[in-house]
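The values are calculated or read from the model by the stated rules, or taken from the named source; none is laboratory data. Note that the structure is a prediction, hence the values are computed from the model and not measured. Glycine gets a Cβ as well: all are built from the backbone with ideal geometry, and neighbour counts include every protein chain shown.
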Amino acid sequence: MSEAPMIEVRELNAGYGRFHILFDVSLEVEPREIFIIVGPNGSGKSTLLKTLFGLTKVYSGSVKLEGRDITRIPPHARAKLGMAYLPQVGNVFAELTVAENLKMAGYTLEASELEERIRDVLEVFPFLKQKLNAKAKTLSGGQRQLLAMAMALIREPKVFMFDEPTAGLAPKAAKEIIDKMLWLRKEKGKTIVLVEQNAKLALEIGDRAILLVSGRVAYRGKASELLADKELGKKYLGLKG
Amino acid sequence: MSILPSLPYTLDALAYASAIGLLSMGLSLTYATTKVPNFAQASIAMFGAVTLLLLIDRYYYYHPGWSVFLAGVVLGGLVTGAVAWLVYVTVLKPLADRGNTVIGLMIATFALDIIFVNVLTAYLDEAHGVHIPKLIGASITSFEPRLHIGDYIVYGYTIALPITAVVLTVIFHLFLTRTKFGVAMRATIENPDLASVLGVNVNLVYMVSWFLSGFLAGAAGALMAYTLKGVDPSAAELIIVTVFAGSIVGGLESVYWGLIGGFIVGLAEKLGMTLLNNFYRDYFVLKWHAPNVSLLNYEKFMSLGLVVVMLLYAPRGLAGIDWGAVARRLGLRRGGGGR
Ligand SMILES: Nc1ncnc2c1ncn2[C@@H]1O[C@H](COP(=O)(O)OP(=O)(O)OP(=O)(O)O)[C@@H](O)[C@H]1O
Ligand SMILES: [Mg+2]
């Protein structure tokens, strides 16, 4: 038998209080794949990632991590199970220093391990070394995004969920982030769920994808096939024919 | 007659202001974490006062000494911290989980306030010969260590309260900046969702914040019993006004500014009003034969007046003021004047 999917979502209905946003969403993310979620603005991409992390209200359906039902467990417990999430907005603590942000990112780690991981991550993002005692709010937008990325990396989780990690970045920095993801999958064997505004870029590096439209799955399959689908691409993703 | 208040009165005012500062700091803490405006903060503090009363009756009645202040702060703080923790766990959290808004939670704290004042009052009334057999009523006057400095008697609590405020603030600051859990508390205040996805048990942070807020309230409440000359739980209904004024002046969500706001408001009520009263007495009553009324009965005019001024000119409180800009502006003005 093949191993259980890393993430398995069945008939999920979720939203914020009485605002029902996601309708009957099902998907499977295999271990070591890059799974892409695309869709127009407001289609529920961020809500789906939040739901995977337990930050919304689930009305029905289930979320499983490696075969284990996690639908009702709190976010901090999901973090301990090896999930990491880089939110689209508010992904660093502006009032804390860079060092404190990194410490928070490794909250579940032992002190000695945390120190080692912080050292590693500072090698990957050397500019942070000079900023350790600066409050995160003093960083530029791009620097903040890289800090958020560093924070997601620190815990070395099994599965990363990135919500538009390249938004607002210069093309060079965006490419760095994308390369980082490819490296995570190839060298570290990590699983990645990626929400991207730049659908073309994402679908090019992704294995499989879903297209969300108004909170429903409008396409599910190979990323390359979605990229090749002229009609869907033009209608929902602003891709030129 | 001098307009300036006497030394013992000034010290008493500083002690009162320190206590209000601690209460406002606690109030701001639980507001920052759980977004509950806690109208029971002062009546919760009365648990600290009652703890002190029992301590004196059971032990210090026979062994008077300065350690009564330390014992009052620690035991009063612990008991009251436990009460506040219970309030959150058994009442406010379940209500919040059922989708109650800030209004519902606030009303719940009103109800708790009434319950606590009445339960504690009943307990103390019952006390004639039952719970506090030795002390007469709930009066603790004359059970306070004191110093004689020159012609003045300096009451111990007027020294103990400011010291307590400074020590607890320093400890609290070290907790918030030097411990992992303290940093997690600041992180949670700023962004609970992000804190939780990084592995912080946000609910535990909330529970601890209520315990700490209760500890600050109980420590202040125990020593404040001295400034009130006795333990009267219904005094909470007046104190809470000042405590809220302090938090609002501070900006409601910042613990440090809450402390400072409470201190300023407490000082304004006691010293500010006394200055105003003495001024009125010396100039208006003596020179102009204005009606001889004591303005001291109108202390709350000072605290609420400060709130009004704050809401008009700095609605986000002292915390919302850009102090760097203020300093620059003052510097510029000075430079401009010289030109
Ligand atoms: N906290 C909230 N409470 C209520 N409704 C919300 C909340 N957050 C988002 N929504 C609504 O949920 C819907 C989906 O929003 P979501 O942020 O998931 O979309 P998205 O696909 O990520 O959009 P974008 O591409 O702009 O990031 C939108 O209609 C939005 O207005
Ligand atoms: Mg989004």
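Candidates in the stretch A:24-46 are the residues that are surrounded by fewer than 16 Cβ atoms within 10 Å (Cβ to Cβ) and part of a strand (DSSP E or B); of these, the one that is nearest to ligand 1 (Cβ to nearest atom) is A:24.
Is there a residue being near ligand 1 (Cβ under 9 Å from one of its atoms), among the small types (Gly, Ala, Ser) and at pLDDT below 95 anywhere in the stretch A:47-67? Checking the stretch A:47-67: not a single residue is near ligand 1 (Cβ under 9 Å from one of its atoms), among the small types (Gly, Ala, Ser) and at pLDDT below 95. Among the residues of the stretch A:116-138, none qualifies, meaning not one is within 16 Å of the chain's Cα centre (by Cα) and of a type in the set (Val, Ile, Thr).
Just to check your reading of the model, which residue among A:61, A:67, A:54 is away from ligand 2 (no atom under 16 Å from the Cβ), within 14 Å of chain B (Cβ to nearest Cβ) and in contact (Cβ under 8 Å) with a residue 24 or more places away in the chain?
Matching residue, one of A:61, A:67, A:54: A:54.
Screening residue A:98 against (1) away from ligand 2 (no atom under 16 Å from the Cβ); (2) over 22 Å from residue B:191 (Cβ atoms) leaves a single unmet condition, (2). Please find, within the stretch A:138-173, the residue that is nearest to residue A:6 (Cα to Cα) out of those that are assigned to a helix (DSSP H, G or I) and within 16 Å of ligand 2 (Cβ to nearest atom). Looking at residues that are assigned to a helix (DSSP H, G or I) and within 16 Å of ligand 2 (Cβ to nearest atom), I get A:148. Considering only the stretch A:148-159, I want to know if a residue exists there that is within 16 Å of ligand 1 (Cβ to nearest atom) and either closer than 20 Å to residue B:198 by Cα or surrounded by fewer than 20 Cβ atoms within 10 Å (Cβ to Cβ) (or both). Yes - at least one qualifying residue is present in the stretch A:148-159. For the subset of the stretch A:87-113 comprising residues that are of a type in the set (S, T, N, Q) and either farther than 10 Å from residue A:151 by Cα or facing chain B (nearest Cβ under 7 Å) (or both), which member is surrounded by the fewest Cβ atoms within 10 Å (Cβ to Cβ)? Only one residue fits best here, namely A:112. Of all residues in the stretch A:70-80, those satisfying the criterion of being touching a strand residue (DSSP E or B) at 6+ places or on another chain (Cβ under 9 Å) and either without any contact (Cβ under 8 Å) to a residue 60 or more places away in the chain or more than 12 Å from chain B (Cβ to nearest Cβ) (or both) are A:70, A:71, A:72, A:75, A:78.
Within the stretch A:162-185, residues that are more than 14 Å from chain B (Cβ to nearest Cβ) and in contact (Cβ under 8 Å) with a residue 40 or more places away in the chain sit with their Cβ atoms under 9 Å from residues that are assigned to a helix (DSSP H, G or I) and within 16 Å of ligand 2 (Cβ to nearest atom), at 6+ positions apart or across chains, in these pairs: A:164/A:45; A:164/A:46; A:165/A:145; A:165/A:148; A:167/A:145. Condition check for residue B:179 on (1) hydroxyl-bearing (Ser, Thr, Tyr); (2) surrounded by 16 or more Cβ atoms within 10 Å (Cβ to Cβ); (3) within 11 Å of another protein chain (Cβ to nearest Cβ): one failure, at (2).
Conditions (1) assigned to a helix (DSSP H, G or I); (2) within 14 Å of another protein chain (Cβ to nearest Cβ); (3) within 19 Å of residue B:12 (Cβ to Cβ); (4) touching a residue at least 24 places away in the same chain (Cβ under 8 Å), marked per residue:
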position: B:193; (1), (2), (3), (4): yes, yes, no, no
position: B:199; (1), (2), (3), (4): no, yes, no, no
position: B:221; (1), (2), (3), (4): yes, no, yes, yes
position: B:234; (1), (2), (3), (4): yes, no, no, yes
position: B:238; (1), (2), (3), (4): yes, no, yes, yes
position: B:275; (1), (2), (3), (4): yes, no, yes, yes
position: B:286; (1), (2), (3), (4): yes, no, no, no
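I need the full set of residues from the stretch B:23-69 which are modelled with pLDDT under 95, under 18 Å from the mean Cα position of the chain (by Cα) and of a type in the set (S, T, N, Q), in order please. If the condition is that a residue be modelled with pLDDT under 95, under 18 Å from the mean Cα position of the chain (by Cα) and of a type in the set (S, T, N, Q), then B:51 is the only one that fits. Please determine whether any residue of the stretch A:174-194 is within 16 Å of ligand 2 (Cβ to nearest atom), in contact with a strand residue (DSSP E or B) (Cβ under 9 Å, 6 or more places away or on another chain) and within 25 Å of residue B:194 (Cα to Cα). Yes - at least one qualifying residue is present in the stretch A:174-194.
From the list B:52, B:11, B:27, exactly one residue is in contact (Cβ under 8 Å) with a residue 24 or more places away in the chain and surrounded by fewer than 21 Cβ atoms within 10 Å (Cβ to Cβ). Which is it? Walk me through it before giving the result.
Details: B:52 fails: surrounded by fewer than 21 Cβ atoms within 10 Å (Cβ to Cβ); B:27 fails: surrounded by fewer than 21 Cβ atoms within 10 Å (Cβ to Cβ).
None of the others qualify; the one that does is B:11.
Residues in the stretch B:201-212 that are in contact with a helix residue (DSSP H, G or I) (Cβ under 7 Å, 6 or more places away or on another chain) and at the interface with chain A (Cβ under 8 Å from one of its Cβ atoms): B:201, B:202.
Considering the stretch A:16-46, the residues that are away from ligand 2 (no atom under 14 Å from the Cβ) and at positive phi include one that is modelled with the highest pLDDT, namely A:24.
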